[in-house]
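Step one of this worksheet: look at the structure below.
The values are calculated or read from the model by the stated rules, or taken from the named source; none is laboratory data. Here the structure is a predicted model, which means the values were calculated and not measured. No Cβ is skipped: glycine too gets one built from the backbone with ideal geometry, and neighbour counts run over all protein chains shown.
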Amino acid sequence: MTVLVTGGAGYIGGHMVLALLDAGEQVVVLDNLSTGFRWAVPEAAKLIIGDFGDAQLVDAILAEHGVDAIAHFAAKIVVPESVADPIAYYHNNTAKALSLLECAVRHKIKHFIFSSTAAVYGEPEISPISEQTPLAPINPYGRSKLMVEWMLQDVAKAHDLRFAVLRYFNVAGADPKGRLGQSSPKATHLIKVAVQAALGHRKGVDVFGADYPTRDGSCIRDYIQVTDLIDAHLLALAHLRKGGESLTCNCGYGRGLSVLEVVDVVKQVSGVKFDVRISGRRPGDPASLVAGADRIRTMLHWTPRHDDVGEIVRQALDWERRLHNRSIEADRQKV
Ligand SMILES: NC(=O)c1ccc[n+]([C@@H]2O[C@H](COP(=O)([O-])OP(=O)(O)OC[C@H]3O[C@@H](n4cnc5c(N)ncnc54)[C@H](O)[C@@H]3O)[C@@H](O)[C@H]2O)c1
Ligand SMILES: O=c1ccn([C@@H]2O[C@H](COP(=O)(O)OP(=O)(O)O[C@H]3O[C@H](CO)[C@@H](O)[C@H](O)[C@H]3O)[C@@H](O)[C@H]2O)c(=O)[nH]1
């Protein structure tokens, strides 16, 4: 049995590929390398460079590789970009997902794991956020993902396909073995940005708003370590393969950290006192997003192993140093 991983050359999908290979699974990666990297995919996985919206290509992959499960990570993921160019987001994240689902049904794929997001909840007033919290995304990115959740629910009712929708909160950290981490040079995620500041790769950190109704005025998020998140995917896959029902679960630890708290941890762990500037709010940022994480623990018996922000930051720092050395090495080879 083979798992097709779309977006397997990216940050989170790449960790899924590592975990599947570690577990002895056959893996095919489909990625157009728009934000992913060829080097991120180990040779033991088959990398096909192409678009998951290319039905002919997907049909050929499903026919050829004996795929029993699709883990669909590929997407555009930058919220402000989705506001500026909604059509690109609905096209890539929603329309192409419909095409992927059509291929899945045509080839009788039984198991589908989908990377959803806390952005489907919008700006909920309740904390922690359970899966029953009303779905009210406030930007095209969140809506483009929610529509895929709805399509999956309908398709699963009509066809022999079961799904796991995993709604990620803020994903951070890196592979504890140092094989992979967040590599996109344009990443805007807080921990990545703060770690780059600590290493002197950027000038300090702007805190987007210190006037929120939170304990220190900065926004609160639930940061989940990437390997713990991937453990949840492996458990979801095993659950579906055993004949388990379709499920939708939040993926977070159920504890929130403020932006200022995260920045302090990065300073402590790195030993560097980089500049921190309080700037204006970033449009579309909810004050607080903390996962109600009971369902995933009960239904999948998920037990996180890396729920420690100091460890998450150490991993991110370690990976950022490796990335930097890698780019110096690449430049040296060009000379
Ligand atoms: N990073 C987070 O904190 C976070 C939070 C919630 C949800 N998610 C979801 O997790 C998934 C993975 O995110 P990530 O952080 O690894 O992002 P990423 O940009 O590192 O990975 C996305 C991958 O998909 C590929 N891709 C994009 N469009 C494609 C297409 N049309 N055809 C083929 N490949 C395509 C990219 O090249 C890239 O390798 C996304 O679906 C994202 O919405 C991420
Ligand atoms: O330079 C920075 C970067 C971020 N932040 C703040 O840090 C928090 C976290 O921001 P970021 O790391 O950019 O993540 P989010 O905007 O919370 O979004 C992430 O987490 C969401 C789920 O919670 C997912 O839906 C998104 O895909 C994913 O990018 C927010 O309050 C930001 O305003 C700063 O203050 N300065």
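Hey, any hits in the range 184-197 for a residue that's surrounded by 23 or more Cβ atoms within 10 Å (Cβ to Cβ), among the charged types (D, E, K, R), within 13 Å of ligand 1 (Cβ to nearest atom) and outside any loop (DSSP other than H, G, I, E, B)?
No: zero hits.
Please specify each residue of the range 95-118 satisfying the condition of being part of a strand (DSSP E or B) and farther than 24 Å from ALA63 by Cα. First the steps, then the outcome.
Step one: of the range 95-118, the residues part of a strand (DSSP E or B) are 111-117.
Listed by number, the residues that qualify are SER116, THR117.
Among the numbered conditions (1) polar (S, T, N, Q); (2) crowded, with 22+ Cβ neighbours inside 10 Å; (3) over 30 Å from HIS111 (Cβ atoms), tell me where GLN225 comes up short.
Single failed check for GLN225: (3).
I'd like the residue in the range 74-94 that is surrounded by 16 or more Cβ atoms within 10 Å (Cβ to Cβ) and assigned to a helix (DSSP H, G or I) and, out of all such residues, is modelled with the lowest pLDDT.
First pass over the range 74-94, keeping only residues surrounded by 16 or more Cβ atoms within 10 Å (Cβ to Cβ): 74-79, 81-82, 89-90, 92-94.
Narrowing the set further to residues that are assigned to a helix (DSSP H, G or I) leaves 79, 81-82, 89-90, 92-94.
On the way: VAL79: 88, GLU81: 91, SER82: 93, TYR89: 98, TYR90: 98, ASN92: 98, ASN93: 98, THR94: 98.
The residue in question is VAL79.
Note down all Cβ pairs under 6 Å where the first residue falls in the range 47-75 and is in the same structural domain as LEU166 (by TED's automatic domain parsing), the second is within 16 Å of ligand 2 (Cβ to nearest atom) and small (Gly, Ala, Ser), and they're at least six residues apart or on different chains.
PHE52/ALA74; PHE73/GLY7; PHE73/GLY13; PHE73/SER115; ALA74/GLY7
One line per residue, one yes/no per condition, for (1) touching a Phe, Trp or Tyr at 6+ places or on another chain (Cβ under 8 Å); (2) closer than 22 Å to TYR89 by Cβ:
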{"residue": "LEU4", "(1), (2)": "no, no"}
{"residue": "GLY7", "(1), (2)": "yes, yes"}
{"residue": "ILE12", "(1), (2)": "yes, yes"}
{"residue": "HIS15", "(1), (2)": "no, no"}
{"residue": "GLN26", "(1), (2)": "no, no"}
{"residue": "ARG38", "(1), (2)": "no, no"}
{"residue": "GLU43", "(1), (2)": "no, no"}
{"residue": "ILE48", "(1), (2)": "no, no"}
{"residue": "LEU57", "(1), (2)": "no, yes"}
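Quick check on the range 1-23. Is at least one of its residues touching a strand residue (DSSP E or B) at 6+ places or on another chain (Cβ under 9 Å) and at pLDDT below 95?
Among the residues of the range 1-23, at least one is touching a strand residue (DSSP E or B) at 6+ places or on another chain (Cβ under 9 Å) and at pLDDT below 95, which makes the answer yes.
So, of the residues in the range 119-140 that are farther than 30 Å from THR2 by Cβ and assigned to a helix (DSSP H, G or I), which turns out to be nearest to ligand 1 (Cβ to nearest atom)?
ALA119
Give me a count of the residues in the range 111-137 that are farther than 18 Å from ASP222 by Cβ and surrounded by fewer than 18 Cβ atoms within 10 Å (Cβ to Cβ). If you could, list the steps in order and put the result at the bottom.
Keep residues of the range 111-137 that are farther than 18 Å from ASP222 by Cβ, which gives 111-114, 134, 136.
Checking which are surrounded by fewer than 18 Cβ atoms within 10 Å (Cβ to Cβ) leaves us with 134, 136.
Number satisfying all stated conditions: 2.
List the pairs whose first member sits in the range 9-35 and is closer than 23 Å to GLN56 by Cα, whose second member is polar (S, T, N, Q) and part of a helix (DSSP H, G or I), and whose Cβ atoms are under 9 Å apart, counting only residues at least 6 apart or on separate chains?
Correct list of pairs: SER34/ASN92.
Give ASP216, ASP206, ASP264, ASP231 a once-over and let me know the one that is out of contact with any helix residue (DSSP H, G or I) (no Cβ under 7 Å at 6 or more places or on another chain), within 15 Å of ligand 2 (Cβ to nearest atom) and either in contact (Cβ under 8 Å) with a residue 40 or more places away in the chain or assigned to a loop (DSSP other than H, G, I, E, B) (or both). Before you say what the answer is, go through the steps one by one.
Working: ASP216 fails: out of contact with any helix residue (DSSP H, G or I) (no Cβ under 7 Å at 6 or more places or on another chain); ASP264 fails: either in contact (Cβ under 8 Å) with a residue 40 or more places away in the chain or assigned to a loop (DSSP other than H, G, I, E, B) (or both); ASP231 fails: within 15 Å of ligand 2 (Cβ to nearest atom).
Exactly one of ASP216, ASP206, ASP264, ASP231 is out of contact with any helix residue (DSSP H, G or I) (no Cβ under 7 Å at 6 or more places or on another chain), within 15 Å of ligand 2 (Cβ to nearest atom) and either in contact (Cβ under 8 Å) with a residue 40 or more places away in the chain or assigned to a loop (DSSP other than H, G, I, E, B) (or both), namely ASP206.
Has the range 279-293 got any residue that is away from ligand 2 (no atom under 16 Å from the Cβ) and surrounded by fewer than 16 Cβ atoms within 10 Å (Cβ to Cβ)? Give the derivation first.
Of all residues in the range 279-293, those away from ligand 2 (no atom under 16 Å from the Cβ) come to none.
Scanning the range 279-293 turns up no residue that is away from ligand 2 (no atom under 16 Å from the Cβ) and surrounded by fewer than 16 Cβ atoms within 10 Å (Cβ to Cβ).
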